[in-house]
Structure formats: C-alpha cells, structure tokens
There are 2 protein chains.
Amino acid sequence: MNVTVFLFDGLTALDAIGPYQVLARVPGVELQFVAKAKGLIRTDDKLLCLHADAALDDVQRTDLLVVPGGFGTRTLMQDQGVLEWLRAIDQTTRITTSVCTGALLLAAAGLLRGRRANTHWAVRASLANFGAVPCGDRYVRDGKYATAAGVSAGIDLALALVIELAGPDVAQAIQLQIEYDPKPPLDAGNPERAPAHVRELVEQRIRERERQLQAALAAT
Amino acid sequence: MNVTVFLFDGLTALDAIGPYQVLARVPGVELQFVAKAKGLIRTDDKLLCLHADAALDDVQRTDLLVVPGGFGTRTLMQDQGVLEWLRAIDQTTRITTSVCTGALLLAAAGLLRGRRANTHWAVRASLANFGAVPCGDRYVRDGKYATAAGVSAGIDLALALVIELAGPDVAQAIQLQIEYDPKPPLDAGNPERAPAHVRELVEQRIRERERQLQAALAAT
C-alpha cells in the first residue's frame with residue numbers, strides 16, 4: 001500500500017501532517033511526500049518549511065493520494081501541469097482524498113464533477129462552480145473520493161480510511177498511539193455553533209487574505 | 001509575543017505542528033522553529049523533514065516555548081547542551097510547554113521537579129523518576145509549566161493557551177479557522193477506554209521501538 005502526500009508552496013501544514021501522522025503508522029504502508037520539485041516547500045504563513053523527497057514527475061502511480069489545502073491552492077487551480085498530474089495519478093489510485101481547500105484542486109482538475117464533496121466551510125459553496133455537490137459532513141465519501149472539511153478534519157478522515165484499509169484494531173491502535181482523545185476547551189470549531197461575531201471575524205480575515213493573494217498574483 | 005518551537009531529529013511531527021498551527025494565528029505572535037543546528041530535521045519515522053530556521057545558539061529568550069516529543073527525546077535526555085539550553089531559555093519564558101514525551105525532556109532538564117505534569121500515557125509513570133507528579137489530564141498546568149498528553153493533545157493545549165493569552169474570541173476564531181470540531185470515527189484515543197488488546201498492541205510496539213533505539217544507541 002503506497003500513500004502519496006502532495007505538498008505545495010502555500011499549503012496549511014496540519015492539512016498534510018494530520019493524515020500523514022495517521023496513515024504512515026499502518027503496517028506495510030509506504031508513504032512519500034511529493035511536490036512540483038524536490039526540496040523545501042513553504043507553508044501559507046511562511047513560518048515553516050516541509051521537505052518534499054520526490055518531484056511530481058517521479059511519481060506515476062499511488063494507491064492513496066492526499067491533497068492538502070491552504071491559500072496556495074488559489075495559484076495551483078490555474079496550474080495546468082499540476083491539474084494534469086492530479087488527473088493522471090488519480091487514474092491509478094484506489095482512494096483519492098483531500099483536506100480543506102485541497103478539494104478545490106481536485107474539483108478544478110475535474111475530478112469531483114457530480115460528486116458529493118466537502119472543503120473548508122468558508123468556501124464550501126464554491127465547490128458547486130466545478131460541478132460538485134457541496135456537503136457539510138466532517139468527511140464525505142463518494143465512490144473513491146474522500147474529501148474532508150477544514151484543516152483538522154484530515155485526522156478524522158485518515159482514521160476512517162484506516163478502518164477501511166486495515167480494520168478497526170489497527171485504527172484503534174493508531175488512535176491510541178497518537179492519544180487522539182480530543183478535548184477542545186471551546187466549542188467554536190463548527191460554523192453553525194460558533195458565535196456569529198466570531199464567524200464574521202474569520203470570514204473577514206479570509207476575505208482580506210484572498211485580496212492580498214489576488215493583488216500578489218496580479219503583480220506577477 | 002514570541003513563540004519558539006523546538007525541533008529535533010526523531011520528533012513526532014504532529015506534536016510540533018498542532019500547537020504551531022494554533023499559536024501562529026494569534027495576532028501579533030512571532031513564531032520560530034529552532035533546532036540544535038539550522039537546517040533539516042527528520043521525524044521519528046524518517047518519512048518527513050521539517051526545516052529549522054534558527055539554531056539554539058541564536059535564540060536566547062522567548063515568551064512561550066513549545067517542546068514536542070517523539071522517540072528522539074531518548075537521545076536528547078542525555079544531551080547536556082540541549083538540557084542546558086532548555087534550562088536557560090526557561091528562565092526567560094512566560095510559559096514553558098511540552099507535548100507528549102517532550103515533558104520527559106523538560107523533566108530531564110530538572111524543570112518539572114515537584115510539579116504536576118503529563119506526557120504520553122504509555123510513559124506517564126516515568127515522570128516520577130524526575131521528581132514530577134504524573135497527572136492524566138489532557139493538559140496539565142502547574143505554575144508556568146503546561147504539559148500535554150500524547151501527540152494530538154498539543155492542539156487542545158494550544159487553544160487553552162490562546163484563551164489565556166489573547167482571550168476567548170481569538171481562540172474561538174482560530175478554532176473555527178482550523179475547523180477543529182473533532183469527530184473521531186472510533187473511541188480508542190484514551191488508554192482507559194481503548195480495548196485491552198489494542199492497548200497491549202500499542203505497548204508492545206512502543207517496547208519494540210525502544211529496544212531498537214537502545215540497540216542503535218549502543219552501536220554508536
């Protein structure tokens with residue numbers, strides 16, 4: 001069983017690290033991080049670099065693909081080389097997954113047409129622009145496509161995949177190894193339960209960030 | 001407000017990435033990743049490299065220190081240079097934190113003597129060897145020391161710290177940004193609720209891993 005995690009400049013680290021931390025512990029799994037070019041990949045906040053050990057051209061097939069999100073997806077959604085690679089590798093996968101706005105990349109590649117899917121709550125409606133059917137579940141499975149909600153949802157999705165791929169004992173052992181017994185000290189992780197002023201604050205920050213990105217793109 | 005995340009070869013990525021993903025979003029926070037030497041740091045499973053942008057010698061003070069865990073702590077607990085740096089930087093912090101076996105590093109540096117603390121459940125009792133008082137809470141605060149349970153617990157701890165440092169609105173906004181509304185598909189993340197055979201499986205894997213590490217250390 002081979003797992004490929006796609007990295008790109010402007011990703012949100014936890015989108016990739018959550019599923020990796022779960023899936024890499026499945027006995028017999030080989031997991032690799034891949035990016036347009038081998039080397040350092042900077043996160044969307046510019047604070048951290050992750051290292052991709054392989055380039056897209058080196059990876060022609062995989063059993064399970066993980067596509068994380070982050071503001072960098074905005075640029076990649078226009079990148080025909082990346083979209084082409086996603087379409088080609090998807091032909092070889094048993095399961096194709098995304099976390100957060102990674103779903104917008106899959107959608108831009110045309111892979112979610114007619115499929116139920118989820119992404120970060122703040123951009124969920126935009127999935128419909130690509131012919132997908134937005135769905136607010138923590139993770140959504142439609143055929144071989146499994147798309148998780150924002151950032152932290154990749155951990156829940158990955159555990160669900162382990163149940164399917166390796167059985168509940170292995171999934172429970174991994175959950176216990178990473179002591180995943182979440183106890184958030186607040187209950188604002190869901191847009192329907194978060195206070196309205198908090199939701200507005202987040203939407204405002206996201207719009208602000210999008211504006212900066214559009215300006216930066218226009219300047220290049 | 002300055003946050004320093006300590007990286008080292010053999011860390012568990014999520015221990016560091018969880019708190020970073022939360023704390024870096026606090027307005028006005030400057031966050032940096034530091035290691036013995038600048039450059040690439042390999043995780044305990046050897047599958048991923050993170051990049052440290054600063055060396056220990058470059059960082060003389062910080063407001064908040066995050067010490068992650070991982071099997072690499074076994075080696076570092078003997079590393080007098082690292083223990084000395086931990087003791088020195090701790091003199092400058094407002095809050096010193098750990099995730100998972102990062103607490104064993106703080107303990108080995110003598111910083112948890114007489115303090116209530118937690119770490120990964122499988123090694124919790126060993127905190128007592130360093131004069132700390134083992135406590136099974138998701139995260140434990142004693143004075144300025146905040147120590148989280150295993151791996152994923154760093155996310156909960158970080159949100160609790162944001163409430164304290166920046167108030168509940170900011171903490172709620174960050175929780176909503178990372179859509180932290182956990183829905184584990186299983187309920188095995190706690191050693192008291194996991195089935196006995198799953199717990200034994202994990203304890204056996206950890207013992208096996210410790211044996212390999214001891215053998216590798218003895219060979220060098």
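The values are calculated or read from the model by the stated rules, or taken from the named source; none is laboratory data. If you're wondering where the values come from, they're calculated on a predicted model, not measured in any experiment. Don't worry about glycine lacking a Cβ; one is built from the backbone with ideal geometry, like all the others, and counts go over all protein chains shown. Surface accessibility is based on the protein's heavy atoms, side chains included, excluding ligands, DNA and RNA. Shrake-Rupley method; radii C 1.70, N 1.55, O 1.52, S 1.80 Å.
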Requested in this report: Heads up, I need the accessible area for A:H120: 1.4 angstrom probe, whole protein in place, Å², nearest 10.
Outcome: 10 Å²
Report summary line: Here Rg/Rh (Cα, Kirkwood) for segment A:129-170 equals 1.03
**Report entry** Simple label model, 7 Å out from Cα along Cβ direction - A:D45 to B:A215, nm
**Finding:** 4.0 nm
Query - Tensor-based shape of segment B:145-220 (alpha-carbon gyration tensor, a/c under 1.5 rounded, otherwise prolate or oblate) - result: oblate
Requested in this report: List the distances, in nm and shortest first, from the label point of A:E208 to the matching label points in every other copy, placing each point 7 Å from Cα along the Cα-to-Cβ direction.
Outcome: 4.9
**Report entry** Kyte-Doolittle mean at least -1.0 and Cα axial length at least 30 Å: DSSP H helices in chain A
**Finding:** A:196-219
Query - Range of Cα positions in segment A:1-62 per principal axis (Å), largest first - result: 34, 25, 12
Query raised in the report: Ratio of Rg to Rh for segment B:1-110, alpha carbon only, Kirkwood?
Result: 0.92
Query raised in the report: How big is the accessible area of B:C49 in square angstrom, nearest 10, if you roll a 1.4 angstrom probe over the protein chains?
Result: 10 Å²
Requested in this report: Leaving out ligands and nucleic acids, note down the accessible area per residue over segment B:35-165 with a 1.4 angstrom probe, in whole Å².
Outcome: 35 Å²
Report task. Give the shape of segment B:74-220 as rounded, prolate or oblate, defined through the alpha-carbon gyration tensor: a ≥ b ≥ c are the square roots of its eigenvalues, a/c under 1.5 means rounded, and otherwise the shape is prolate if a/b is larger than b/c and oblate if not. Result -> oblate
Report summary line: Calculated from DSSP helices alone, with each H run of at least 4 adding -39500 (n - 2.57) and the total divided by the residues of chain B, [θ]222 nm to the nearest 500 comes to -11500 deg cm²/dmol
Report task. Report, for B:P27, each distance to the same residue's label point in the other copies, shortest first and in nm; define the point 7 Å along Cα→Cβ. Result -> 5.2
Report task. Provide the FRET efficiency to the nearest 0.05 for the B:K144-A:R113 pair, computing r from the beta carbons and using R0 = 60 Å. Result -> 0.65
Query - Calculated Rg and Dmax of the protein assembly as shown using C-alpha coordinates, Å - result: 20.6, 60
Report summary line: Distances in nm between the label point of A:Q78 (7 Å along Cα→Cβ) and its equivalents in the other copies, shortest first, are 5.5
**Report entry** Nearest-10 value in Å² for the accessible area of B:T220, using the 1.4 Å probe
**Finding:** 140 Å²
Query raised in the report: Once the piece of chain linking B:V133 and B:E192 is laid out straight, how much longer is it, given 0.36 nm per residue of separation minus the C-alpha distance between them?
Result: 19.3 nm
Report summary line: Relative contact order in percent for chain A (Cα pairs under 8 Å, 6+ apart) equals 17 percent
**Report entry** Per-pair calculated FRET efficiency, R0 = 41 Å: A:R87 and B:D63 via Cβ, rounded to 0.05
**Finding:** 0.30
